[in-house]
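*Asks:* My questions will all concern the structure given below.
We did not get these values from a lab; they are worked out from the coordinates using the rules stated. The structure presented is a predicted model; accordingly, all values stated were derived computationally and were not measured. Counting neighbours? That spans all protein chains shown, and the Cβs are built from the backbone with ideal geometry, glycine included.
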Amino acid sequence: MSRSLGQVFFVLGIGIVIFLLLNISIRPKKEYVLQLNPSKVASVTLKTATTDLNFQRNLSGVWVIVSQGQVHPAEERAIQSYCAVLARMTFVEKVPVTEFGDDASKSALHMGDTATVSITLDSGKKLELQVGRLSPSGTEFYAMTSQRPDVVYLVPNQTLSILDREPLEFWSRQLLPLSTTTQKISISDGQKTLQLMRTEKGWTDLDSHLGVEQITAILKLLQAQAFSNFYSESVVSEKGLASYGMTLPDVEIRVSQDGQSEQLIQLSQYNNRYYAYLPDTKSIFILQSGAASRLFKLLHEIVL
């Protein structure tokens, strides 16, 4: 009796396993708008009515942001998260493009008017996502991809919110990433100026006032400057630079790369906060107070 019961349970167990395996195999694989492996992305360009953003891996494999002709190190985790969301962009419906007429991408659906995302993979293969107008329901956007030009996707509004991003959101939090191409640093409070130059023997003070240890301390503190948040151009334009103590900045720093490009950074201590203003971006950065206070103290003690 027990042997027969054991055989029954054995057969039943085998049946359950087979059922589960069959159920898994026939379960439809979740489909996304883009067929994309986020780890294989080499560059992404996003264009909307208000944003023109490009991030890419440089020759060293490091992510950088290219915006308004300026190159800045990127926050790798932010880039990875962005690519992962792109790869998992869902849709509520897909419709044959023929249902919208012969020229859907340029007329009825206004493809690209809302956003265009261009992706290049490590292999050199290129993908494109174009987002058109809102659907009549007002809850989805029409979208098309270069991978499936035969269909139109209806993508929920909230899914596309990832496209509405400020380039500064992807910046490395390090404000002054000095590198081997950095050739000259000028620091001024409007009255006194310190000029540091890279030579074959290392960094030197052009006026010969500072020693190696003092120069090294300044360089380390400059590289330690990081921002915790920022105010974009639109906010700064509305409030005005005076709201951040930038009518007359406490310190101006000019960083020259290869003797060609120069970056200007203005610093101020105002209302118990430390701010940095980058004219190239027309944005204000809130500096992390610890490193900023040490930099201000050092500059006033031995430089300015």
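*Asks:* Translational diffusion coefficient, Stokes-Einstein: compute it for the chain using the Kirkwood radius over C-alpha pairs as Rh, at 4 °C and 1.567 mPa s, and state it as an integer in µm² s⁻¹. List each step's numbers first, then the result.
*Replies:* Working: Rh = 23.4 Å.
D, rounded to a whole number, is 55 µm²/s.
*Asks:* Sort F227, F285 so that the residue with the fewest other Cβ atoms within 10 Å of its own Cβ comes first and the one with the most comes last.
*Replies:* The most exposed by this proxy come first: F227, F285.
*Asks:* Now for a different question. Quick one: Cα convex hull volume of the stretch 38-170, Å³ per residue?
*Replies:* On the way: hull volume 14.7 nm³, N = 133.
Taking the convex hull of the Cα positions in the stretch 38-170, it is 111 Å³ per residue.
*Asks:* Quick one: order Y270, Y82 by neighbouring beta-carbon count within 10 Å, fewest to most.
*Replies:* Details: Y270 15, Y82 22.
The most exposed by this proxy come first: Y270, Y82.
*Asks:* Another question about this same structure. Using modelled backbone amide H atoms (1.01 Å from N, in-plane), which distant-in-sequence or interchain residues come within less than 5 Å of E75's amide H?
*Replies:* W171, S172
*Asks:* I'd like the distance separating the alpha-carbon centroids of the stretch 222-274 and the stretch 85-101, in whole Å.
*Replies:* Distance between centres, Cα-based: 43 Å.
*Asks:* Ignoring everything except DSSP H segments at least 4 long, calculate the 222 nm mean residue ellipticity for the chain; use -39,500 (n - 2.57) per segment, divide by total residues, nearest 500. Display every interim value, and only then the final one.
*Replies:* Numbers: 5 runs with 71 residues, N = 304.
Calculated mean residue ellipticity at 222 nm is -7500 deg cm²/dmol.
*Asks:* Work the Kirkwood hydrodynamic radius out for the stretch 182-302: mean of 1/r over every pair of different alpha-carbon atoms, inverted, in Å.
*Replies:* Numbers: mean 1/r = 0.0665 Å⁻¹.
So the Kirkwood estimate lands at 15.0 Å.
*Asks:* Could you work out how far helix 289-302 tilts from the main Cα principal axis of the chain, as a 0 to 90 degree angle to the nearest 10?
*Replies:* 20
*Asks:* Still on this structure, I have one more. With axes computed from alpha carbons, what is the tilt in degrees of helix 76-87 against the longest principal axis of the chain, rounded to the nearest 10 within 0 to 90?
*Replies:* Between helix and principal axis, roughly 30 degrees.
*Asks:* Please arrange H72, H110 by counting, for each residue, the other beta carbons lying within 10 Å of its beta carbon, fewest first. Please list the in-between numbers first.
*Replies:* Numbers: H72 21, H110 16.
In increasing order of surrounding Cβ atoms, one gets H110, H72.
*Asks:* Here's another thing I want to ask about it. Any of K184/K239; K47/K282; K192/K220; K30/K126 with alpha carbons more than 27 Å apart? Name them for me. Intermediate values should be presented prior to the final figure.
*Replies:* Details: K184/K239 33 Å; K47/K282 20 Å; K192/K220 21 Å; K30/K126 23 Å.
Exceeds cut-off: K184/K239.
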